[in-house]
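Down below is the structure, laid out as structure tokens.
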Amino acid sequence: MNEQLILDVLRPAVEALGLSVWGLEIENPGRRKVLRLYVEKPGGVSVGECAKASRHAGLALEVEDAVPGSYILEVSSPGFERRFFHLEQMQPYVGRDVRVQLEEPLEGRKNFKGELSVVADDRFTLLVDEEAVELHWRDVKRARLVHDFEQKA
């Protein structure tokens, strides 16, 4: 299944509603694929807007026949502990805590949690226990914001 093709179909449907695509996850549990589409806009996205985006996105996928077989489409906001799908998405969160899982271990570790201090080119730096750890985006399996519920978003 071509993720870029699916995004190319979904993006105009979502943008027509004044929303933007934050990211797409595709999972294959059991017999049906699950497509999780994350949408956003400045000030946040309401449940009603997610429902409307789901209807529009579902129609676009059907018209273009972009997903073979049966699937479940879920549409939501990225949330407080949002997953980062692209390095550029991290830039506004410099100074905030991030949790990162690498594809392969780096110095014996695959999991890091620390303050995002630098985002540049194809890498970023976390302050982990007061030590700077530079990571390359290409090595990241998953990265997400860690929300501090005592701090204002």
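No value in this document is a laboratory result; all are computed from the given coordinates. None of the values given here were measured: they were computed from a predicted structure. FYI the Cβ positions are ideal-geometry reconstructions off the backbone, even for glycines, and counts take in every protein chain you see.
Restricting to segment 133-153, name every residue that is surrounded by 12 or more Cβ atoms within 10 Å (Cβ to Cβ) and of a type outside the set (Lys, Arg). Full working, then the answer.
Within segment 133-153, the subset surrounded by 12 or more Cβ atoms within 10 Å (Cβ to Cβ) is 133-137, 139-140, 142-147.
Across segment 133-153, the qualifying residues are 133, 134, 135, 136, 137, 139, 140, 143, 145, 146, 147.
For segment 74-99: of the residues being farther than 30 Å from residue 132 by Cα and surrounded by fewer than 18 Cβ atoms within 10 Å (Cβ to Cβ), which is farthest from the chain's Cα centre (by Cα)? That would be 74.
I'd like to know if segment 38-53 contains one or more residues that are in a strand (DSSP E or B), within 15 Å of the chain's Cα centre (by Cα), surrounded by fewer than 17 Cβ atoms within 10 Å (Cβ to Cβ) and not small (Gly, Ala, Ser). Even if it seems obvious, please write down each step before you answer.
Looking only at segment 38-53, we keep the residues that are in a strand (DSSP E or B), and these are 38-40.
Add one more test, that the residue is within 15 Å of the chain's Cα centre (by Cα), and what stays is 38-40.
So of that shortlist, the ones also surrounded by fewer than 17 Cβ atoms within 10 Å (Cβ to Cβ) come out as none.
Checking segment 38-53: not a single residue is in a strand (DSSP E or B), within 15 Å of the chain's Cα centre (by Cα), surrounded by fewer than 17 Cβ atoms within 10 Å (Cβ to Cβ) and not small (Gly, Ala, Ser).
Restricting attention to segment 54-73, report how many residues are loosely packed, with under 15 Cβ neighbours inside 10 Å and touching a residue at least 12 places away in the same chain (Cβ under 8 Å). Explain how you work it out, then say what you get.
Of segment 54-73, the ones loosely packed, with under 15 Cβ neighbours inside 10 Å are 55, 59, 62-65, 68-70, 72.
From the residues that got through so far, the ones that are touching a residue at least 12 places away in the same chain (Cβ under 8 Å) too are 59, 64, 68-70, 72.
Residues that pass the stated criteria total 6.
Does at least one position in segment 64-83 carry a residue that is assigned to a helix (DSSP H, G or I) and either within 16 Å of residue 10 (Cα to Cα) or out of contact with any Leu (no Cβ under 9 Å at 6 or more places or on another chain) (or both)? Quick ask: steps written out before the conclusion?
Step one: filter segment 64-83 for residues assigned to a helix (DSSP H, G or I), giving 64.
Keeping just the survivors that are either within 16 Å of residue 10 (Cα to Cα) or out of contact with any Leu (no Cβ under 9 Å at 6 or more places or on another chain) (or both) gives 64.
The answer is yes; a qualifying residue exists.
Only one of the numbered conditions (1) surrounded by fewer than 12 Cβ atoms within 10 Å (Cβ to Cβ); (2) under 23 Å from residue 33 (Cα atoms) is not met by residue 120, and that is (2).
From the residues in segment 1-37 that are part of a strand (DSSP E or B) and basic (Lys, Arg), which one is surrounded by the fewest Cβ atoms within 10 Å (Cβ to Cβ)? Let's see the steps before the verdict.
Taking segment 1-37 first, the residues part of a strand (DSSP E or B) are 20-27, 33-37.
Right, trim to basic (Lys, Arg) and you get 33, 36.
Details: 33: 17, 36: 15.
This residue is 36.
Pairs meeting the criteria (first residue in segment 80-92 and over 19 Å from residue 117 (Cβ atoms), second residue loosely packed, with under 12 Cβ neighbours inside 10 Å, beta carbons under 7 Å, at least 6 apart or on different chains) are 80/153. Do we find that residue 14 is within 30 Å of residue 116 (Cα to Cα) and in contact with a Cys (Cβ under 9 Å, 6 or more places away or on another chain) in this structure? Considered against the rule, which asks whether it is within 30 Å of residue 116 (Cα to Cα) and in contact with a Cys (Cβ under 9 Å, 6 or more places away or on another chain), residue 14 comes out as no.
A count restricted to segment 112-153 and to residues that are assigned to a strand (DSSP E or B) and touching a residue at least 40 places away in the same chain (Cβ under 8 Å) stands at 6.
Scanning segment 1-22 for residues being under 19 Å from residue 51 (Cβ atoms) and in contact with a strand residue (DSSP E or B) (Cβ under 9 Å, 6 or more places away or on another chain) gives a total of 9.
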